[in-house]
1. Can you tell me how many residues in the range 234-257 are in contact with an Asp or Glu (Cβ under 7 Å, 6 or more places away or on another chain) and either hydroxyl-bearing (S, T, Y) or in a loop (DSSP other than H, G, I, E, B) (or both)?
2. Find all pairs meeting these conditions: Cβ atoms under 6 angstrom apart; at least six residues apart or on different chains; first residue within the range 19-42 and among the polar types (S, T, N, Q); second residue at pLDDT below 70 and outside any helix (DSSP H, G or I).
3. Looking only at residues that are of a type in the set (S, T, Y) and out of contact with any strand residue (DSSP E or B) (no Cβ under 6 Å at 6 or more places or on another chain) in the range 237-261, which one is surrounded by the most Cβ atoms within 10 Å (Cβ to Cβ)?
4. Can you name the residue in the range 151-186 that is assigned to a loop (DSSP other than H, G, I, E, B) and polar (S, T, N, Q) and, of all such residues, is farthest from I203 (Cα to Cα)?
5. What are the pairs, 6+ residues apart or on separate chains, where a residue within the range 123-143 that is under 22 Å from D82 (Cβ atoms) has its Cβ under 6 Å from a residue that is of a type in the set (S, T, Y)?
6. Any idea how many residues of the range 132-177 are modelled with pLDDT of 90 or more, more than 30 Å from G50 (Cβ to Cβ) and among the polar types (S, T, N, Q)?
7. Within the range 212-233, track down each residue that is under 20 Å from S263 (Cβ atoms) and part of a loop (DSSP other than H, G, I, E, B).
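The values are calculated or read from the model by the stated rules, or taken from the named source; none is laboratory data. Quick caveat: nothing in here was measured; it's all calculated off a predicted structure. So basically every Cβ, Gly included, is an ideal-geometry build from the backbone, and we count neighbours across all protein chains shown.
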Amino acid sequence: MLPRAGSLVGVDRHLISRTAGITRSLITYYGPIWRRRRMEAFYRQFLNAGDLAFDIGAHVGNRVRVFRRIGARVLAVEPQPDFVAVLRLLYGRNPGVVIEASGVAAVPGEGKLHLSTRTPTVSTFADSWMNDVQTDKRFQRIRWDTVISVPLVSLDELIARHGEPQFCKIDVEGFEYEVLTGLSQPLAALSFEYIPAAAARAIACIERTTALGDYHFRHSRVETHRWADREWLGPQAMIDILTALPSDDRSGDVYAVRTERLSGVA
């Protein structure tokens, strides 16, 4: 029996939305060629050739590309099947890249990933985060329209399997604290996303990181790869900055470096 025309239209629309979302991500993160050198110089503060980097929430792999240009080995962890396929297409034959099709959480298991087909960069495991960010008008038109089950691993498990990274980038849309809860040792350097409308989550990450070791912090606004602070700051100073951000301000990333390693970072 042939499928009904209405069901075919629904499938076609979903496929079009998925394709549009993937294309938008590729253009956004690979399009600005002028940004590549700045990104590479920025991450050379944390990585040298031969180092291991973790990219937690690798998405389409633009950080993977930069880390490999530096000469670092990369573990790329991504839960969205469409982007796992993109990563395998772009980096699957690169001997310096290992791709893990999973999410990262406090403990291994299974997680429910809320997918936004048209805007896949904001797909998330964090149920309440979806409500938190709705106070920002830029998120009010976003819809999370699909839920899939995804295997979860912990950072400790990844370290046991692949080794300790010199730098760990975490960008998992409101689930960063849960990722850090699955880490029991201080890393040399790491980063995690902040969104002013949900600043409490980034503050919790600072507190969690500080519980693991003695760290200093700086932040960089979204995709600028420039410091927004003049110097490395203690945890409370960084918390004060995040607390003072207007809820509709742009997002960005907080960087944490172990204090004894600050001399080697710009």
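1. Narrowing the range 234-257 to residues in contact with an Asp or Glu (Cβ under 7 Å, 6 or more places away or on another chain): 247-248, 251, 253.
Imposing the further condition that a residue be either hydroxyl-bearing (S, T, Y) or in a loop (DSSP other than H, G, I, E, B) (or both) reduces the set to 247-248, 251.
Looking only at that region, the number is 3.
2. Every condition considered, no pair remains.
3. Taking the range 237-261 and keeping what is of a type in the set (S, T, Y), we get 243, 247, 251, 255, 259.
Remaining after also requiring out of contact with any strand residue (DSSP E or B) (no Cβ under 6 Å at 6 or more places or on another chain): 243, 247, 251.
Details: T243: 12, S247: 14, S251: 19.
So, considering only residues that are of a type in the set (S, T, Y) and out of contact with any strand residue (DSSP E or B) (no Cβ under 6 Å at 6 or more places or on another chain), the one surrounded by the most Cβ atoms within 10 Å (Cβ to Cβ) is S251.
4. First, the residues of the range 151-186 that are assigned to a loop (DSSP other than H, G, I, E, B): 154, 163-166, 171-175, 182-186.
The next check asks that each one be polar (S, T, N, Q); those that pass are 154, 166, 184-185.
On the way: S154: 21, Q166: 23, S184: 18, Q185: 19 Å.
Checking each candidate, the answer is Q166.
5. Filtered contacts from the range 123-143: S123/S116; I142/S116; I142/T119.
6. Total meeting the criteria: 2.
7. G213, D214, W227, D229, R230, E231, W232
Here is a yes/no grid of residues against (1) more than 16 Å from D132 (Cα to Cα); (2) surrounded by fewer than 17 Cβ atoms within 10 Å (Cβ to Cβ):
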position	(1), (2)
E193	no, no
A211	yes, yes
D214	yes, yes
A228	yes, yes
P235	yes, no
S263	yes, yes
A266	yes, yes
